[in-house]
1. Zone of Ile140 (label point 7 Å along Cα→Cβ, backbone N under 13 Å): which residues in the range 57-99?
2. How high is the relative contact order of the range 60-165, in percent, counting Cα pairs under 8 Å that sit 6 or more residues apart?
3. Using a Förster radius of 22 Å, what is the FRET efficiency between Ala118 and Tyr180 based on their Cβ-Cβ separation? Nearest 0.05, please.
4. Describe numerically, in nm with one decimal, the distance between label points set 7 Å from Cα along Cα→Cβ at Leu67 and at Met38.
5. Tell me, Arg65, Arg169, Arg144 in order of fewest to most beta-carbon neighbours within 10 Å?
6. Please arrange Phe88, Phe99, Phe62 by counting, for each residue, the other beta carbons lying within 10 Å of its beta carbon, fewest first.
7. In a Gaussian network model over the chain where Cα atoms closer than 10 Å are linked, find which of Ala47, Ala86, Ala21 has the largest mean-square fluctuation.
8. Do the sum for the chain: with -39,500 (n - 2.57) for every DSSP H run of n ≥ 4, divided by all residues, what is the mean residue ellipticity at 222 nm, to the nearest 500 deg cm²/dmol?
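What follows is calculated from the coordinates using simple rules that are stated; it is not laboratory data. Every value quoted in this text rests on a predicted model; they were computed, and no experiment measured them. Neighbour counts run over all protein chains shown; Cβ positions are idealised from the backbone, glycine included.
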Amino acid sequence: MNAITKQEAGFSYIDVMIAMAILMVGVMALVGAITNGMNLTTRSSVALSAKQVASSSMESIFTSRDLDIFQWPAIGNIGDAGVPGAIFVAGPQPIYPTFGKDGVVGTVDDGWGPDGIAGNADDGVATVEFQREIKITALIDPDRPTAPISLRQIDVIIYYNLGYSTVRRKEQFTSYIASYRDSDGS
């Protein structure tokens, strides 16, 4: 038998174990990065959906004004003493797949079926992922504090949770709406 010289010797058991430990650290870091990437993708998708719902809600409010579905005095939150004919429900509300008979989101008839009557079989079911809050605030002109309100701030806030998380997240759109008609309605 020939004796094995030092130059012909292979890796020792300790060398292999150290190499495997280094490899495992790298693999675990890679698994962690992939997991974080997947979580970020899920969060981004839900946040994008919430932004789209907020954008759609804002567009519906402007469309109701532009198409004369509701006049300027109706653009406010129900219960606001400064806007007695307000149509938009205050506080976080469920989001329904239908907008009700008036075709405007955030009003009392959201979720009512095509017949426009609440509490029967054709009513919609609220989505569980999101809640919407529409806040409408009258902005008083500091140069003319007694003048009629002609500008309002609209905040559309979409609340949502990610998966089983108890942390409530939100996406918010803010815009301004003006009474662009003259006093004679033209």
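1. Within reach of a label on Ile140, which here means backbone N under 13 Å from a point 7 Å along Cα→Cβ, the range 57-99 contributes 82.
2. Relative contact order, the range 60-165: 19 percent.
3. 0.10
4. Each label point is offset 7 Å from its Cα along the Cβ direction, giving 4.3 nm.
5. Arg144, Arg169, Arg65
6. By the 10 Å Cβ count, ascending: Phe62, Phe99, Phe88.
7. Checking each option, the largest mean-square fluctuation is seen for Ala21.
8. Computed ellipticity for the chain at 222 nm equals -11000 deg cm²/dmol.
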